[in-house]
Amino acid sequence: MLPDDTFKKEIQRTFSGATWESKVGYCRAIRMGKIIAVTGTISLDAAGEIHAPDDPYQQAKRCLEIIERAIKPLGAERRQIIRTRMFVTDISQWQEFGRAHGEFFADYPPATSMLEIKALIDSKALIEIEADAVVL
């Protein structure tokens, strides 16, 4: 087992500043070695409100932009994202969620899943996206 100070040096984290991070105890993204995991991300604007409340395409696009911003300080780019998971509240809007995902990853498509769920933390959120990346 690694000593605590060595362990802390091996891990890098990014934070978005969302109030939920400190309340729930998580970070936006974490890197250990070559692996980066990004927390489930909803489409918040700079004021912490849901971006584009009724627009599945714009919400998905915003989630992906937030994810990209979270991995950059950890040494990764969008092309290094190898897996995404999309949790949506209305699967009938899959084409709009998928269109944003497809445009964002046009040159470097990752493995992905889209799953319909009952609800997200904010009733105006239509999608939450998680991502994993590998830095080579």
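Listed values, structure above:
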quantity: Scan of the range 36-71 for residues that are among the hydrophobic types (A, V, I, L, M, F, W, C) and touching a strand residue (DSSP E or B) at 6+ places or on another chain (Cβ under 6 Å), ordered by number; calculated: 36, 37, 38, 42, 60, 63, 66, 67, 70, 71
quantity: Test: residue in the range 28-48 that is in a helix (DSSP H, G or I), out of contact with any Cys (no Cβ under 9 Å at 6 or more places or on another chain) and farther than 24 Å from residue 126 by Cβ; calculated: no
quantity: Count of residues meeting criterion [over 11 Å from residue 132 (Cα atoms) and either assigned to a helix (DSSP H, G or I) or in contact (Cβ under 8 Å) with a residue 60 or more places away in the chain (or both)] in the range 80-93; calculated: 3
quantity: Meets criteria (closer than 17 Å to residue 16 by Cβ and either over 14 Å from the mean Cα position of the chain (by Cα) or part of a helix (DSSP H, G or I) (or both)) for residue 65; calculated: yes
quantity: Qualifying positions in the range 50-106 - more than 28 Å from residue 35 (Cβ to Cβ) and polar (S, T, N, Q); calculated: 58, 89, 92, 93, 95
quantity: Any pair with Cβ under 6 angstrom, 6 or more apart, that starts in the range 10-33 at a residue that is of a type in the set (Gly, Ala, Ser) and ends at one that is assigned to a loop (DSSP other than H, G, I, E, B); calculated: 16/28
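To keep it simple, each residue is scored yes or no on (1) modelled with pLDDT of 95 or more; (2) closer than 16 Å to residue 10 by Cβ.
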site	(1), (2)
33	yes, yes
38	yes, no
41	yes, no
45	no, no
51	yes, no
68	yes, no
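The values are calculated or read from the model by the stated rules, or taken from the named source; none is laboratory data. Every value quoted in this text rests on a predicted model; they were computed, and no experiment measured them. Heads up, the Cβs are rebuilt from the backbone with ideal geometry, glycines too, and the neighbour counts pull from every protein chain shown.
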